Amino acid sequence: MREFRPDGRGAVRALLLLTTLSALTFTAVHSANAQTYRTLHEFTGGADGAEPGGLTLSPDGELYGVTNNGGDPSCYSGCGTIFELFPSSKEWHLTVLHAFRGLPDGSFPYAPMIFGADGNLYGTTATGGTPSRFATGLGDCQAGCGTIFELQRQPALCEGASCRWKEVVLYRFPGAAYGSQPGFDAPINFDRAGNLYGTAQTGGSFVGICNGNYGCGVVFELSPSADGWTEKVLYTFAGATDGAWPGAGLIFDKAGNLYGTTTWTAFQLAPNGSQWDFHLILQTPDTVFGPGLSLDPFGNLYGGTEDGGTMGGGNVFKIMPAANDSWNVQSIYSFVPGGGHGNYYPGPSATMIMDAAGNLYGVTEGDGVYGLGSVFRLSPSGGGEPWNYTFTDLHDFSGGDGSAPTASLLLDAKGNLYGTTELGGNASCNCGVVFEIEGATTAQINN
């Protein structure tokens, strides 16, 4: 699994166990004939990279992404790349925009990049940068504690996409209390003032289950200034009822609150003057949160677990705000265990996205007919209850077309889905693919 999971995560009691929720109502559709799946690129493990992560869609229809491995051989399996995929006639062409080099550059990017107001791309690498500057041995990142980088658009003075962009490291995490290993499935997020928010999966606290060289992770803010970017730790996870190892990204609501997940909790961070107050929304110590949270226009949150649920194979749930700052949680779909390969779980493995009609789209790492992962849609069925959803299996991966999707999907204005698989594709490499599913919906993405 992509998430970092030391032992001992299930040592606290549940605030609310999804396995005890009332039986859900759903309709399952096991195949969807209106969709067309095609592979846009198979990675070779060489200069183009290997194990692609999240994608970003430009207003002009180009896809930008990162690979976790391949590229520059400074790292054992390659330090990862940034790439562009652009359509030309009926084909897509890949150009490598940057190959990471490890130290002092970044290495092992995985989270999708985001566009800033300046038109540049911003992203994270889980390692690289600089080793921890602290001599305590806590968070001592020998391969670097991770970075925040900017891919700056250059003046069009040359031909070819690779020279139109320049990678600049904005911040190198120092480790220890300041956090380390940002990213994985955790894209950063801008506020209206131009500050960046995100999670670092390790570092922070080293007490209890957070001890050793790991730490339980932090939520951070980066603020720009004339002298560079300054980090402020907004919350340090203690590995107790608050959770540990946040592996997914943060989202804002209209009031400026932040929402996210750890390995076994969902939480809210509410601004309170110069501080942020932590509020526990949901705790499931016996299951694994793979995805982050999604937000609809009414303030409802959607998330999932990779295992557990009513049937034991993972769960998709809806969190609805209630009176007195409380939340009601309702399961809307449960996955059946079995069929997965290796240690992969059948439940959703990445943050789901929502279109304007309220349909949810997600991926699983170990579900599907072949146990190699799948793409699914959950559609609200009506009937007056918020948990009536129809499940549609959009695609089952078989290996040659990809396997083990672990990054969130993208949906364009034409209703086409785009995503990546960490493995599969090229038989001699098993390095992953970028794929498209045409005609997944007629509704546009919900912002």
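For the range 86-102, which positions are surrounded by 16 or more Cβ atoms within 10 Å (Cβ to Cβ) and part of a strand (DSSP E or B)?
If the condition is that a residue be surrounded by 16 or more Cβ atoms within 10 Å (Cβ to Cβ) and part of a strand (DSSP E or B), then 86, 92, 94, 95, 96, 97, 98, 99 are the ones that fit.
Could you tell me whether residue 231 is at pLDDT 95 or above, in a strand (DSSP E or B), buried (at least 16 other Cβ atoms within 10 Å of the Cβ) and over 21 Å from the mean Cα position of the chain (by Cα)?
Yes.
Of the conditions (1) surrounded by 24 or more Cβ atoms within 10 Å (Cβ to Cβ); (2) under 23 Å from residue 430 (Cα atoms), residue 128 fails just one. Which one is it?
It is condition (2) that residue 128 fails.
Just the residues that are closer than 11 Å to residue 281 by Cβ and within 16 Å of the chain's Cα centre (by Cα), please, taken from the range 239-261.
Passing the criteria: 259, 260, 261.
Please enumerate the residues belonging to the range 225-240 that are closer than 20 Å to residue 190 by Cβ and among the hydrophobic types (A, V, I, L, M, F, W, C).
226, 229, 233, 234
Exactly one of (1) within 30 Å of residue 336 (Cα to Cα); (2) modelled with pLDDT under 95 is unmet by residue 39. Its number?
The one condition residue 39 does not meet is (2).
Name every residue in the range 390-408 that is surrounded by fewer than 24 Cβ atoms within 10 Å (Cβ to Cβ) and in contact with a strand residue (DSSP E or B) (Cβ under 8 Å, 6 or more places away or on another chain), in order of residue number.
Within the range 390-408, 390, 391, 392, 393, 394, 396, 401 qualify.
Scanning the range 103-115 for residues that are assigned to a loop (DSSP other than H, G, I, E, B) and within 18 Å of the chain's Cα centre (by Cα), which turns out surrounded by the most Cβ atoms within 10 Å (Cβ to Cβ)?
109
Go through the residues of the range 296-305 one by one and say whether even a single one is at pLDDT below 85 and crowded, with 24+ Cβ neighbours inside 10 Å.
No.
Quick one: how many residues across the range 281-295 are at pLDDT 95 or above and surrounded by fewer than 19 Cβ atoms within 10 Å (Cβ to Cβ)?
Here the count works out to 1.
The values are calculated or read from the model by the stated rules, or taken from the named source; none is laboratory data. Just so it is clear, the model here is predicted, and its values are computed rather than measured. Glycine also receives a Cβ, built like all others from the backbone with ideal geometry; neighbour counts cover every protein chain displayed.
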